[in-house]
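Just below is one structure, and these are the notes that go with it.
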Amino acid sequence: MTEDRVQPPLRVVLADVNTTVVESWRAAFADTPEVEIRAGSIVDEDVDAWVSPTNSRGRMDGGVDAVIKRHLGAGIQLRVQRAIRSRFGGRLPVGSAVCVPSGAVTPKFLISAPTMEESAQNVSETLNVALACAAAFQAIHRQNGEAPGSITSVALVGMGARTGRVPARVCANLMWTGYTLFNDYSFEDDDDLRRTIVAQLDDLDKAPDTERVRIAPPVRRNSRR
């Protein structure tokens, strides 16, 4: 993991039709006013990329995935699954994400980040929301590394809060962790990201739901600023 280089600021929008999630975001992100929070559908957000919480197979058959597939057309699932086969052999691990062209003017990209391995899996007792959110932002780092400035704005929904059954306040706090991690660091690879998050959040179930955790970097020799 390396500390992130200076890049143009990323406009981040959190949008969800669930008003409980929206209110939980407002509490969790109260000291990060640069993050825009809205009650409404992600498909109404005019940004460069949408983030969809998906399953490891990239089957867009439920939840936000299904809404986005209806909006962008069936071809978006084919592109997501092609990227998963190409990079991960057909199964996208939680803590990784793929970024594919949307085939539309808005958004230009869809980022698929699994919060679960199978469709409609209960992930309320896991760290999957933090892993998925961090992986989505890692995908933005990767895309902008390949094509600088290609993603300058992104919209996310309440990851895992619907089909994953993660309580809204827990979802909001874990997404805050993923967002602050993106602001602070860029990871060399997804395994590094997963190890860092799990090592520091593994006992989070013992903390109150209102507690937020900012990831601290492990001590590394020859780290680069």
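Computed from the coordinates by the stated procedures, all read-outs in this text should not be read as laboratory data. Not measured: the values here are computed from a predicted model. Please note: Cβ atoms are built from the backbone with ideal geometry, for glycine as well, and neighbour counts cover all protein chains shown.
Points worth noting:
- Where both bridge residues fall in the chain, DSSP classifies roughly 25% of the beta bridges as antiparallel.
- Amide H contacts of VAL98 (H built 1.01 Å from N, under 5 Å, at least 5 apart or other chain): SER112
- Residues whose placed amide H lies under 5 Å from that of SER153, excluding near-sequence neighbours: ARG11, ASP48, ALA49
- With the helix formula -39500 (n - 2.57) applied to DSSP H stretches of n ≥ 4, the chain reaches a computed 222 nm mean residue ellipticity of -11500 deg cm²/dmol.
- Note on the stretch 90-122 and the stretch 135-207: Cα centroid distance 13 Å, given to the nearest whole angstrom.
- Cα gyration tensor, the stretch 1-129 - rounded (a/c under 1.5), prolate or oblate: rounded
- A simple rule links phi to the HN-Hα coupling: the Karplus curve 6.51 cos²θ - 1.76 cosθ + 1.60 with θ = phi - 60°, which for the stretch 52-61 gives 10, x, 10, 10, 5, 8, x, 7, 9, 10 Hz, with x for Gly and Pro.
- The amide H of ILE37, built 1.01 Å from its N in the peptide plane, has LEU14 as neighbours under 5 Å, considering only residues 5 or more places off or on other chains.
- From the Kirkwood radius over Cα pairs of the chain, Stokes-Einstein at 25 °C and 0.890 mPa s returns a whole-number translational diffusion coefficient of 142 µm²/s.
- Taking every Cα-Cα distance in the stretch 66-150 and sorting them into 5 Å bins from zero, the calculated P(r) comes out as 3, 15, 21, 25, 22, 10, 3, 0 percent.
- For the stretch 198-204, putting each phi into the Karplus relation 6.51 cos²θ - 1.76 cosθ + 1.60 with θ = phi - 60° gives couplings of 5, 4, 9, 10, 4, 9, 5 Hz, in residue order, rounded to whole numbers and with x for Gly and Pro.
- Descending by average beta-carbon neighbour count within 10 Å, the peptides 32-44, 8-20, 51-63 line up as 51-63, 8-20, 32-44, the highest first.
- For the peptides 134-143, 192-201, 161-170, the ranking by mean Cβ contacts within 10 Å, running from highest to lowest, is 134-143, 161-170, 192-201.
- 3J(HN,Hα) along the stretch 135-140, derived from phi through the Karplus expression 6.51 cos²θ - 1.76 cosθ + 1.60 where θ = phi - 60°, amounts to 5, 4, 5, 4, 5, 5 Hz, with x in place of Gly and Pro.
- Unit charges on C-beta of K, R, D, E only; dipole of the stretch 2-206, Debye: 780
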